[in-house]
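*Asks:* What follows is a structure written as structure tokens; I'll ask about it next.
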Amino acid sequence: ADSKSRQKKPVLSISLLASNRKATIRKCLDSLKPIMEQVESELIIVDTGCDEETHDILLEYTSHVILFEWCKDFSKARNAGLKEAKGEWFLFIDDDEWFSDVSEIVEFFHSGEYKNYGVACYIQRNYMDYQEMRYSDSWVSRMICLDSDTRFVSRIHEYLYPVKGACKLLHSPAKHFGYVFNSEEERYKHSERNISLLLEMIQEEKGHLRWWEQLAQEYRGIREYRKLEELCEDGLNFIKRKNNRESNKARATFYAGKILAELYGYR
């Protein structure tokens, strides 16, 4: 009986990317406990460079900690955890966010409803300040039914691919403070990292318009309006004669970027 229990496939694999955020790591891990207590789960932590003190905290929650040498590729880090996942479903999260309510996630699995879907989104609540006064909500696709070809793609702003089946929207919010910075210098440094990776990806996959759109967001975030305008102009020229869903979506982003660049540049 004990042998069968050990071999039982968990319903949910939870993978956490840990990058030494001491102020929030416990909040993140503690917020996962109600899920793990009520749903047959496993926790996999990918340690991308925690110091000894933080690494010891990780071991308090699970022995399944993978040491990963950071290589400026978020997909490779995520895939290290995904590779060892044994669950029917997979959920991923970062150490700068934590759930404030997981009741709908728990019910999704308790009710067996998860068997009717291929992917699920929960709400990421992006705060603009530590006082939690300003924020914006967005649905994030962070849960998926695992298949043999499931994998993360993209070095930055990574996502799970391929997505199969219907999508379930779950009203379980996760507080996220990754966009709160203590100074403009800190904000710029964060964006510089993203921008350098996105520029490399555009060079390698010029036709992948997702990277162009994300680069536009980065330029807007640090008020690089001239670069935003140039990027959007180049983007519009690149898709000038294309007429498909991806190009039309990007076209809207590029026109909006040009307008914003003109407006804020003037101001």
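The values are calculated or read from the model by the stated rules, or taken from the named source; none is laboratory data. Fair warning: this is a prediction, and the values are worked out from it, not measured in the lab. Cβ placement follows ideal geometry from the backbone for every residue including glycine, while neighbour counts extend to all protein chains displayed. For accessibility, only protein heavy atoms count, side chains too; no ligands or nucleic acids. Shrake-Rupley method; radii C 1.70, N 1.55, O 1.52, S 1.80 Å.
*Asks:* Go through the residues of the range 230-244 one by one and say whether even a single one is surrounded by fewer than 16 Cβ atoms within 10 Å (Cβ to Cβ), without any contact (Cβ under 8 Å) to a residue 40 or more places away in the chain and either within 22 Å of the chain's Cα centre (by Cα) or on the phi > 0 side of the Ramachandran plot (or both).
*Replies:* no
*Asks:* So, in the range 106-132, of the ones that are open to solvent by 30 Å² or more (accessible area, probe 1.4 Å) and free of Cβ contacts under 8 Å to residues at least 12 places away in the same chain, which residue ends up farthest from GLU42 (Cα to Cα)?
*Replies:* Checked the range 106-132; the qualifying residue farthest from GLU42 (Cα to Cα) is GLN131.
*Asks:* To continue, here is another question. Would you mind finding the one in SER103, SER63, SER41 that is in contact with a Leu (Cβ under 7 Å, 6 or more places away or on another chain), of a type outside the set (Val, Ile, Thr), open to solvent by 20 Å² or more (accessible area, probe 1.4 Å) and farther than 25 Å from HIS157 by Cβ?
*Replies:* Unique residue meeting the criteria: SER41.
*Asks:* Please verify whether GLU97 is closer than 17 Å to LEU29 by Cβ and in contact with a Cys (Cβ under 8 Å, 6 or more places away or on another chain), treating the condition exactly as stated.
*Replies:* Yes; evaluated as a whole, the condition is true for this residue.
*Asks:* Does the range 78-98 include one or more residues that are without any contact (Cβ under 8 Å) to a residue 40 or more places away in the chain, surrounded by 15 or more Cβ atoms within 10 Å (Cβ to Cβ), on the phi < 0 side of the Ramachandran plot and part of a helix (DSSP H, G or I)?
*Replies:* There is at least one residue in the range 78-98 that is without any contact (Cβ under 8 Å) to a residue 40 or more places away in the chain, surrounded by 15 or more Cβ atoms within 10 Å (Cβ to Cβ), on the phi < 0 side of the Ramachandran plot and part of a helix (DSSP H, G or I).
*Asks:* Now, a different point. For the range 44-58, give me each residue that is surrounded by 13 or more Cβ atoms within 10 Å (Cβ to Cβ) and without any contact (Cβ under 8 Å) to a residue 12 or more places away in the chain.
*Replies:* Passing the criteria: only HIS55.
*Asks:* Another question, if that's okay. Determine if the range 198-209 includes at least one residue that is assigned to a strand (DSSP E or B), open to solvent by 70 Å² or more (accessible area, probe 1.4 Å) and more than 22 Å from GLU97 (Cα to Cα).
*Replies:* No, the conditions are met nowhere in the range 198-209.
*Asks:* Among the strands (runs of 3 or more DSSP E) lying completely within the range 133-193, list those that include at least 1 residues that are open to solvent by less than 40 Å² (accessible area, probe 1.4 Å) and of a type in the set (Asp, Glu).
*Replies:* Where strands (runs of 3 or more DSSP E) fall fully within the range 133-193, none carries at least 1 residues being open to solvent by less than 40 Å² (accessible area, probe 1.4 Å) and of a type in the set (Asp, Glu).
*Asks:* Can you work out which of the residues in the range 245-262 that are within 23 Å of the chain's Cα centre (by Cα) and of a type outside the set (S, T, N, Q) is least open to solvent (accessible area, probe 1.4 Å)?
*Replies:* Here the answer is ALA250.
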